[in-house]
Structures are given as structure tokens and as C-alpha cells.
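Comments concern the structure below.
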Amino acid sequence: WDMFVLAKLERIIRPSYKKEDFALGKKLGEGAFGTVYKASLVKNKGGKSESELVVKKANEYGAVEVWMNERVRRACSSSCADFIHGFRETLNKGKGEEFWLVWRYEGDATLDDLMKDKNFPYNVEEMIYGDVNELPKGPERENRIIRTMMRQIMSSLKNLHAIGIIHRDIKPQNIIFSQEAKTFKIIDLGAAADLRVGINYVPKEFLLDPRYAAPEQYIMSTQTPSAPPPPVAAALSPVLWQMNVPDRFDVYSAGLIFLQMVFPNLRTDSPLIQFNRQLKRCDYDLVAWRELTEPRGNADIRRGFEILDLDEGVGWELLQAMVRFKGRQRISAQQALDHPYFIRDGLLGTTLLQ
Ligand code: ADP
Ligand code: MG
């Protein structure tokens, strides 16, 4: 009930918006459920200037995304893009309704944009730390930048999971670099599930992104049915969480991101799809995949394994713990953060790059 009162109170004290308040600019993205624009406020409401905004116009599934963003804003706001407001618009002439979601504009670059830059991961190092050149360019320095990025992503994931939200669409396109916070934040809660209340309205036909989806993708959508009434769900959900370890779905996706950070040749679509095929053929055994790939690998492949093998192979060990066939055998986001990969400083450890 306190959540309900809070929501009511907020409706009174927070400024509320309608679509006339926004001037839409450049289109940033278009998905199956909505279109995303850069936007600004037409007139100043509540005295505070919100010049750089992002607006998503979504179909009826937008209601779920509004719900998820409201929960995240209250419970773990720094993990995701700053959510400002969400509202429903009834369309003219009985054309149904659409949902508008408004966030602060966090910056121009997603992790996908940054990874596709030839200078990755040094381009990120520059944005986070400015000009730090105390180490020569090479695997050790790259490892430390990658570790910083992975730590940010895994702690955002841990925070989402701690409040019972599973993202289900973790990929570089849904991770944005926040210019202001100088960290990565998670975006796009359009496919997320809330285990505490059982909200999971993503229709069955909707395919999760196959490039990043864990092998249990179909099991999840059938075993977690659409929302039961709240009291039942509240009693059920901890059990559900235990049984299906659905949070490990996100961990698998994050493992693939780790892999892409480490191996330059896997940062584009078709090599990643090929990797997925190879891994499946190896029965999701990364050691077998390594035996297959390493002997005939090019410089990119050798570089990747060199990074993973640093510090007695802690990176390689973490990757294996994240990318496993069975969700239950995968490490959780919290356990990953406690893994020696993140604890150890490395031989040339410095607090600067942590
Ligand atoms: P969808 O994938 O459903 O189209 P997203 O929420 O992922 O919608 O947004 C699409 C794109 O818009 C993102 O990949 C990103 O480039 C950009 N974007 C989304 N939210 C923000 C934000 N808060 N700040 C800056 N850019 C954003
Ligand atoms: Mg997206």
C-alpha cells in the first residue's frame, strides 16, 4: 500500500506532462513496440529546464515499460537512464491509445556505438578518465578498461535483479554511456519482467534478440505466465525466482557482451551469430569452443585470449561462469561482482582505473 500512497503523492507534487509539452526531434530508434525521438520541452514546467530529452511513443505494451521505469526510478535510479515521466494518450477517432515515456537524454553513444569504434576500449577510457597514460597500450590496459565497464554493467544488473526485475534484452544497443554520470546505464525496459508482481506482458510471438538470448529463451516465456492478481503473485514469486533463476538470463547476455569487449572480431553481427552457432555445436562448452578456435585463430583471437588469461585466467574463469547452458549453473550478477576478476587489481593495480 505504501507504494500506492507514494504514487498518489507523487502525482500531486511532480509536474505532469502531456504530449503538447514536447517538441520531437531526430528519430533515435524504431522497434516493434514504439519509436524513440530526441526531444525538448516546449515550455518550461516547474521552473526546471529539461532541454535534452528522449521520448518513446509506444503501443499498448508501453504500459509495462512505464511500470518498470517507475519502479526503477524509485528503487535503483542510478542503474538506468533517468526516467522523467510516463503517460497515456488516447488517440483520435477510436484509434486506441499510446504511451509516452520521457527520459533525460544521457548521451550520444550506446555501448554498441562505442564498441564499433576502432579505438575501443580506449575511446571509453578517455571518456571516463580523461587522458590517463600511465600504462602502455596493450592487453593489461584494455583489461582494466573492460573490467571497469563490466563492473558498471554487472552492478546495474545486480540492482535490477535485487528489486525483482529481469531485463531480458541486455545488449550493447541497450546500454548507454551517461555523459553526466560518466558511467554506463541500462535502457529499454520494454521486454522486462517484474517477478514481485508477476508482470510479464511480453507476447509469446515476441522473440527476444537471438544474438544475445540465453538458450532457455522459450522456456522462460511459457513458465512465467502473464500477471496473476497481485496477492497470489506476491506469495508465488520468491518460489518462481528460486525455481527458474530467471535472472541468469541477463547474466548470459552480459557474458556475451564481455566476450565482444574482449574479442574485436566478435563485435559485429554476423561473426557473433556465427559464434552462437559454434557454441551450440560445442554443446555450450566454452572450453571446447576455445580448443576449436584458438589453434587456427588470427591476431584478434589471440589478443582476446591473452586478455582473458591475465592474472592466472580470472577473466576466462568469469566468462565461463556467465556463459553456461543451464541457468542454474550460471553465476548471479552479485556473485560475478564478488568474483576474483573484479576483486583483484592485477600486477600493475591502480585505484584510478577501478
Ligand atoms: P527500442 O530499442 O525499443 O527502439 P530504446 O529504449 O532501446 O528503444 O531506445 C532506442 C535508442 O534510443 C537507443 O538505442 C539509444 O540509442 C537511444 N536512447 C534511448 N534512451 C536514451 C537516453 N535516455 N539517452 C540517450 N539516448 C537514448
Ligand atoms: Mg533498444
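The values are calculated or read from the model by the stated rules, or taken from the named source; none is laboratory data. All values derive from a computational prediction rather than experimental measurement. All Cβ positions, even for glycine, are placed from backbone atoms using ideal geometry, and neighbour counts span all protein chains on display. Note: areas computed on protein heavy atoms with side chains; ligands, DNA, RNA excluded. Shrake-Rupley method; radii C 1.70, N 1.55, O 1.52, S 1.80 Å.
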Problem - Residue selected from the range 299-354 under the condition open to solvent by 90 Å² or more (accessible area, probe 1.4 Å), assigned to a helix (DSSP H, G or I) and over 24 Å from A214 (Cβ atoms), by the criterion modelled with the lowest pLDDT - result: I343
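Take the conditions among the aliphatic types (A, V, I, L, M) and at pLDDT below 95 and apply them to V239. Does it pass?
On the way: among the aliphatic types (A, V, I, L, M): yes; at pLDDT below 95: yes.
Criteria met by V239.
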Exercise for the section: Could you list, in sequence order, all residues of the range 50-91 that are without any contact (Cβ under 8 Å) to a residue 40 or more places away in the chain and among the polar types (S, T, N, Q)? Expected result: S51, S77, T90
Completion exercise
Per the filter on the range 104-114, residues away from ligand 2 (no atom under 15 Å from the Cβ) and either under 15 Å from I146 (Cα atoms) or touching a helix residue (DSSP H, G or I) at 6+ places or on another chain (Cβ under 6 Å) (or both) are L114
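Of these, L135, L101, which one is touching a helix residue (DSSP H, G or I) at 6+ places or on another chain (Cβ under 7 Å), buried (at least 21 other Cβ atoms within 10 Å of the Cβ) and more than 23 Å from Q334 (Cα to Cα)? Spell out how you get there, then give the answer.
Working: L135 fails: buried (at least 21 other Cβ atoms within 10 Å of the Cβ).
From the options L135, L101, the qualifying one is L101.
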Handout entry: Residues being modelled with pLDDT of 95 or more, basic (K, R) and more than 10 Å from ligand 1 (Cβ to nearest atom) - total across the range 153-206
Key = 2
Completion exercise
All-but-one check, I170 against (1) open to solvent by less than 10 Å² (accessible area, probe 1.4 Å); (2) touching a helix residue (DSSP H, G or I) at 6+ places or on another chain (Cβ under 6 Å); (3) in a helix (DSSP H, G or I), failing number (3)
